[in-house]
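Heads up: the structure comes next, in structure tokens.
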Amino acid sequence: MVADVALLPVADALAQVLAGVEPLTGERVPLAEVEGRVLAQDLAALRTQPPEDVSAMDGYAVRAEDVAAAPARLKLIGEVAAGRPLTAAIRAGEAARIFTGGVLPAGSDTVVIQENTAREGDIVTVTTATARRRNVRPAGLDFRNGDVRLAKGRRLTGRDIALAAAMNHATLPVCRRPKVAIVATGDELVPPGTEPGPGQIVHSNAFTLAAVARREGADVIDLGILPDRLDETIAGVRRARDLGADVLVTAGGASVGDYDLVQPALAAEGAALSFWKIAMRPGKPMMFGLLGGMRVLGLPGNPVSAYVCSVLFVAPLIRKLLGRSNIANPVTQGVLGRDLPANDEREEYMRATLARRDGTWVATPFPQQDSSMLVPLAAADCLVVRPAFAPAAPAGTPCEFIKLED
């Protein structure tokens, strides 16, 4: 049984969902497959970049003392290209033609750009004095062997992967992707592309929830639609557990009506339920519990409620399972774009559009906030967060919002 049926504040509910969550075990994955994955440990460079002093420009490798004054006539002794170093050393009065990325020959410490020279055969005249170490990329400019340049918990971008490759890593240690099983319940639901019968509606929740889970880095198991029968609901819970799901997300059937069967199905399987009512709008009838090692989030059936709950609870849970360094949804400051009435005892997450005016974000909630309406949800840029018991607020009042990055 649920210990407390009182409305639970959102922050307290999230703390219970995340309590005791440890990052999943790591695995090594080839570079070509790690985009979007999360590093399971700090990543140190296996080499120094650049490994030696190299030229930053096309020109001539020289000794600084030979070009401290101009003009200076120098004898060419060879050529240096990237990947083709010169074995001979530069001595007094000598120079070597060098191209970008070429290793500075021994004895040289400066590169004179070709625009500041004139060449006749094997004699080059430097026409502009050049200071020591000009146009040189010193060894270790980017990183040195042993430097930690990518930290544990970082979600890898293409730029990160380029850095890891340059540090000479062919594979990276990343956290295993969480397995998130999603199931919808309700006799009234039919798949998209089906002609609904009397009293039926087209199912949409699983697609939204799967998109949120995948965007956060999870693997999704779609368990389909279950009818309003206790034995079928129990079978769905068992299937998720048997498939090794780390998280089971149910959509619908989370309340306490005669046809709301998620809670009794979980109880029949021995799940320990933590809560099932949250002081939020939309999403009040959400439940959370543990079934062995599987975490269960029972979301409301209304599509907006399900989506908001996935943003506030499912996404942070996946991030913590992945060992992400940034778990919380970033909250941004702005001002309201329209008047709002006073709020009641539930924290509210209002779908709104965003505009930038005079350097300030203006968040304008839609006039209709019904939790069944998908058109405003699809058009929304953010969720305006209104605290419980917030007083009436005219347009221009400071507000906080969560950007909908998807």
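The values are calculated or read from the model by the stated rules, or taken from the named source; none is laboratory data. Note that the structure is a prediction, hence the values are computed from the model and not measured. Positions of Cβ are backbone-derived with ideal geometry, glycine not excepted, and every protein chain shown enters the neighbour counts.
Among the candidates ASP339, ASP381, which residue alone is touching a residue at least 24 places away in the same chain (Cβ under 8 Å) and under 21 Å from VAL304 (Cα atoms)? Working first, answer last.
Numbers: ASP339 fails: under 21 Å from VAL304 (Cα atoms).
Going through ASP339, ASP381 in turn, just one is touching a residue at least 24 places away in the same chain (Cβ under 8 Å) and under 21 Å from VAL304 (Cα atoms): ASP381.
Surrounded by 15 or more Cβ atoms within 10 Å (Cβ to Cβ), farther than 26 Å from THR208 by Cα and out of contact with any Lys or Arg (no Cβ under 8 Å at 6 or more places or on another chain): is that true of GLY359 in this structure? Break it down into steps so the answer makes sense when it comes.
On the way: surrounded by 15 or more Cβ atoms within 10 Å (Cβ to Cβ): no; farther than 26 Å from THR208 by Cα: yes; out of contact with any Lys or Arg (no Cβ under 8 Å at 6 or more places or on another chain): yes.
When the stated conditions are applied, GLY359 does not pass them.
Hey, can you tell me all the residues within region 13-58 that are touching an Asp or Glu at 6+ places or on another chain (Cβ under 8 Å) and in a strand (DSSP E or B)?
Once the filter is applied, which keeps residues that are touching an Asp or Glu at 6+ places or on another chain (Cβ under 8 Å) and in a strand (DSSP E or B), region 13-58 yields ALA44, GLN49.
Answer with yes or no whether ALA272 is over 29 Å from VAL384 (Cβ atoms) and in contact with a strand residue (DSSP E or B) (Cβ under 6 Å, 6 or more places away or on another chain).
yes
Quick check, is GLY26 under 30 Å from ASP109 (Cα atoms) and either among the acidic types (Asp, Glu) or surrounded by 17 or more Cβ atoms within 10 Å (Cβ to Cβ) (or both)? So that I can check it myself, show each step before the final result.
Values: under 30 Å from ASP109 (Cα atoms): no; either among the acidic types (Asp, Glu) or surrounded by 17 or more Cβ atoms within 10 Å (Cβ to Cβ) (or both): yes.
Answer is no for this residue.
For the condition surrounded by fewer than 20 Cβ atoms within 10 Å (Cβ to Cβ), farther than 18 Å from GLN49 by Cα and touching a residue at least 60 places away in the same chain (Cβ under 8 Å), what is the one hit in THR87, THR157, THR125, THR130?
Details: THR87 fails: touching a residue at least 60 places away in the same chain (Cβ under 8 Å); THR125 fails: touching a residue at least 60 places away in the same chain (Cβ under 8 Å); THR130 fails: surrounded by fewer than 20 Cβ atoms within 10 Å (Cβ to Cβ).
None of the other options fit; the residue is THR157.
Let me confirm something: among PRO341, PRO303, which residue is farther than 22 Å from ALA272 by Cα and assigned by TED's automatic domain parsing to the domain that holds PRO367?
Numbers: PRO303 fails: assigned by TED's automatic domain parsing to the domain that holds PRO367.
None of the other options fit; the residue is PRO341.
Restricting to region 280-292, name every residue that is buried (at least 19 other Cβ atoms within 10 Å of the Cβ) and of a type in the set (A, V, I, L, M, F, W, C).
MET280, MET286, MET287, PHE288, LEU291
Suppose the filter is touching a residue at least 12 places away in the same chain (Cβ under 8 Å) and either polar (S, T, N, Q) or outside any loop (DSSP other than H, G, I, E, B) (or both); does ARG324 pass it? Walk me through it before giving the result.
On the way: touching a residue at least 12 places away in the same chain (Cβ under 8 Å): yes; either polar (S, T, N, Q) or outside any loop (DSSP other than H, G, I, E, B) (or both): no.
No, not satisfied.
Pick out the one residue from ARG239, ARG281 that is farther than 27 Å from GLN368 by Cβ, within 30 Å of the chain's Cα centre (by Cα) and basic (Lys, Arg). Full working, then the answer.
On the way: ARG281 fails: farther than 27 Å from GLN368 by Cβ.
Selected residue: ARG239, the only one of ARG239, ARG281 that is farther than 27 Å from GLN368 by Cβ, within 30 Å of the chain's Cα centre (by Cα) and basic (Lys, Arg).
Of a type outside the set (A, V, I, L, M) and surrounded by 24 or more Cβ atoms within 10 Å (Cβ to Cβ): which single residue out of GLY224, GLY253, GLY244 fits that description?
Residue meeting the stated conditions: GLY253.
Can you name the condition, by its number, that GLN49 falls short on among (1) touching a strand residue (DSSP E or B) at 6+ places or on another chain (Cβ under 6 Å); (2) farther than 30 Å from ALA164 by Cβ?
Result: GLN49 fails condition (2) only.
Which pairs do you get when a residue that is in a helix (DSSP H, G or I), found in region 197-210, comes within reach of a residue that is β-branched (Val, Ile, Thr), reach meaning Cβ atoms under 6 angstrom, with the pair 6+ apart or on two chains?
Taking only residues 6 or more apart or on different chains, the pairs are ALA206/ILE182; LEU209/ILE182; LEU209/VAL249; ALA210/ILE182; ALA210/VAL220.
May I ask you to say which residue of ALA32, ALA45, ALA82 is small (Gly, Ala, Ser) and at pLDDT below 95?
Values: ALA32 fails: at pLDDT below 95; ALA45 fails: at pLDDT below 95.
None of the other options fit; the residue is ALA82.
Which residues, taken from region 34-80, are under 36 Å from the mean Cα position of the chain (by Cα) and among the hydroxyl-bearing types (Ser, Thr, Tyr)?
The answer is THR48, and nothing else.
Rundown of residues vs (1) of a type outside the set (Lys, Arg); (2) buried (at least 16 other Cβ atoms within 10 Å of the Cβ); (3) at positive phi, yes/no style:
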{"position": "ARG134", "(1), (2), (3)": "no, yes, no"}
{"position": "PHE143", "(1), (2), (3)": "yes, yes, no"}
{"position": "VAL148", "(1), (2), (3)": "yes, no, no"}
{"position": "LEU163", "(1), (2), (3)": "yes, yes, no"}
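Can we say GLY186 is outside the structural domain of SER372 (by TED's automatic domain parsing), within 18 Å of ARG319 (Cβ to Cβ) and surrounded by 14 or more Cβ atoms within 10 Å (Cβ to Cβ)? Working first, answer last.
Details: outside the structural domain of SER372 (by TED's automatic domain parsing): yes; within 18 Å of ARG319 (Cβ to Cβ): no; surrounded by 14 or more Cβ atoms within 10 Å (Cβ to Cβ): yes.
When the stated conditions are applied, GLY186 does not pass them.
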